[in-house]
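Working notes for the structure below.
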Amino acid sequence: MEEVVVVIVGAGPSGLATTACLTLFSIPNIILEREDCSSCLWKKRAYDRLKLHLAKKFCHLPFMPHPSTTPTFISRKAFIKYMDDYASNFKLSPNNVRSVESATYNDVMKRWHIEANQKEVYVAEFLVVATGENSEGYIPKLTGLSSFRGEVIHSSEYKSGLKYHEKEVLVVGCGNSGMEIAFDLASHAHFVQDPVNWMQFHVLNKEMVYLGMFLLKYLPISVVEDPLIIFLANFKYGDLTKYGIIRPEKGPFYLKAATGRSAVIDVGTVKKIKVGQIQVFPAISSIKEDGIMFDKGKMHQFDAILFATGYKSTANNWLKMKHMHANGEASNVEASMGLEHGGGGGFKQQELWAAWGRSKSSNTLEEKGIACMGADRNIVASTGLWHICSQFVSHWTCLKVIEIEEVHAISLPDAVQAAATACSIRSMDYIYCLNNDGMPKNTFPNHWKGENGLYCVGLSRRGLFGVSMDVKAIASDIQMVINGKE
Ligand SMILES: Cc1cc2nc3c(=O)[nH]c(=O)nc-3n(C[C@H](O)[C@H](O)[C@H](O)COP(=O)(O)OP(=O)(O)OC[C@H]3O[C@@H](n4cnc5c(N)ncnc54)[C@H](O)[C@@H]3O)c2cc1C
């Protein structure tokens with residue numbers, strides 16, 4: 001077991017910048033990284049022709065701006081070099097090949113217990129989640145996908161179009177990755193593109209984005225967006241409706257700030273769509289062994305389907321709770337209480353509520369972090385579960401309702417076991433900072449700080465620019481907490 005003040009999970013740009021800042025503040029910390037290298041998204045899971053979409057002045061980490069000799073838009077290779085230089089300049093040495101499997105808060109000891117590789121245990125006062133918005137590729141569930149005989153890949157596995165020479169490839173998804181990979185493939189493959197249901201997006205080029213971001217420092221969004229950037233985009237690209245691309249009503253910078261959705265930064269794809277080198281198909285209705293059926297009854301055969309359908313954060317899978325009772329006994333059950341089919345004879349929300357009222361004062365159960373999973377969204381507990389619930393009245397904020405089978409017929413030990421089993425699936429320490437999607441619970445700019453010394457960095461959908469902001473806020477906050485105790 002290793003004790004340290006701060007454990008950072010993930011050695012991408014977020015984790016490296018956090019350790020650099022904490023080290024400058026002389027705060028002891030370590031990074032745990034599941035892969036065998038740092039910045040592995042850029043080294044292993046990005047395609048060859050990738051260039052940073054944003055200008056270099058928005059893509060550096062704290063204390064190390066890019067030199068004036070670096071081009072405005074940096075290639076993937078140059079960015080990897082920058083990240084490696086950052087690590088060696090600040091003498092950063094992440095602990096690689098340490099996959100964090102669980103992190104639980106012990107509210108008796110007031111410490112986080114972090115477990116990696118099934119056997120290593122780390123204990124820390126502060127835990128920083130730096131595992132990224134792109135932890136795992138997301139592929140939507142589509143009817144018939146498992147029967148497709150061709151290749152199915154996610155954009156994170158794509159390197160270049162060379163492998164697809166003369167092949168028919170369907171790219172699903174029209175975000176930045178989908179559009180750029182489509183462009184790359186078009187030089188090799190016979191290629192089509194399917195916009196699924198993301199047809200409403202802005203298309204800009206990187207110079208327009210740069211200009212907009214620069215002007216937004218000095219001018220309001222209403223002056224920059226409509227009159228200028230959208231005018232330039234319309235002038236360059238014209239009306240793209242007939243190619244299935246519709247410009248949303250709200251502007252690109254407004255949408256980025258309000259929803260996190262980026263405009264598509266065109267690398268030449270629109271031109272290839274206009275000349276028919278890339279076809280735009282309607283949404284997929286089903287997938288067959290050797291082809292795809294699109295809406296409007298169109299069928300087409302493909303050799304491969306490439307999903308550029310985004311990523312998901314996985315932090316809520318490993319952030320768990322192992323609760324300590326007041327008597328010091330550890331238990332796995334208290335994070336969640338289950339009820340789904342708890343109908344007849346069970347306790348109703350009002351009764352739980354009344355019990356809560358006797359123990360502490362609160363207005364709503366939800367305020368205390370209690371979720372109800374019953375189909376009718378009623379909190380309904382069996383007698384067995386009620387016994388468990390009542391044990392945890394003093395730890396009420398830990399209580400969460402999850403699904404277990406037939407709770408009304410269950411004995412207390414079985415209910416404990418069922419809740420414990422369910423806990424391992426639906427654990428919930430992430431509620432101190434994150435929502436069910438592993439993304440920040442609080443909205444920007446208050447997203448980075450949770451409770452009990454839990455922080456998240458790089459999850460604000462603001463790229464490397466957002467990473468820098470988070471890191472500075474987190475390092476200062478940890479320093480303040482530590483100084484406050486001295
Ligand atoms: C194709 C692509 C292009 C992009 N282009 C830009 C751009 O131009 N500009 C920009 O600002 N942003 C861009 N981004 C966003 C980019 O991901 C981030 O800006 C940056 O990589 C975020 O760094 P991060 O450290 O938060 O996440 P990541 O780089 O994803 O790093 C997270 C790290 O956590 C590790 N990890 C995950 N789970 C565990 C675990 N359980 N235990 C231990 N380690 C774990 C991962 O292995 C990884 O090393 C792009 C993203 C993609 C996918």
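Laboratory data are not the source of any read-out in this text; all were calculated from the coordinates shown. Since the structure is predicted, the reported quantities are computational estimates derived from the model, not experimental observations. Cβ: placed from backbone, ideal geometry, glycine included. Neighbour counts: every protein chain shown.
Once label points are set 7 Å from the Cα along Cα→Cβ at both Lys298 and Val108, what is their separation, rounded to one decimal in nm?
6.4 nm
Work out the charge dipole of segment 137-312 with +1 on the Cβ of Lys and Arg and -1 on the Cβ of Asp and Glu about the Cα centre, then indicate which of Gln279, Pro220, Leu170 is farthest towards its positive end.
The one lying farthest along the dipole's positive direction is Pro220.
Long-range amide H contacts for Phe307: which residues qualify at under 5 Å (H placed 1.01 Å from N, peptide plane, sequence gap of 5 or more or a different chain)?
Result for Phe307 returns Ile153, His154, Ser155, Val172.
Going by average Cβ density within 10 Å per residue, which order do the peptides 27-39, 449-461 take, highest to lowest?
Sorting 27-39, 449-461 by mean packing, highest first, produces 449-461, 27-39.
If the chain between Glu120 and Ala257 were fully stretched, how many nm would it gain, using 0.36 nm times the residue separation less the Cα-Cα distance?
Extra length available between Glu120 and Ala257 comes to 45.3 nm.
Taking amide H positions as placed in the peptide plane 1.01 Å from N, state which residues far from Ser285 in sequence (5 or more) or on other chains have amide H under 5 Å from it.
Counting only residues 5 or more places away or on other chains, the set is Met293, Phe294, Asp295.
Full extension from Lys274 to Met480: what is 0.36 nm times the residue separation minus their Cα-Cα distance, to one decimal in nm?
Computed gain between Lys274 and Met480 is 68.6 nm.
Using 0.36 nm per residue, how much length does the chain from Asn89 to Phe25 gain when fully extended, once their Cα-Cα distance is taken away?
21.5 nm
Amide H neighbours of Lys441 under 5 Å, counting only residues 5+ apart in sequence or on other chains, H built in-plane at 1.01 Å?
So Lys441 has HN proximity to Leu434, Asn435.
In what sequence do Val6, Val280 fall when counting other Cβ within 10 Å, fewest first?
Ordered from fewest to most neighbouring Cβ atoms within 10 Å, Val6, Val280 come out as Val280, Val6.
When the dipole is taken about the Cα centre of segment 137-312, and only Lys, Arg (+1) and Asp, Glu (-1) are charged at their Cβ, what size is it in debye, to the nearest 20?
Magnitude of the dipole: close to 240 debye.
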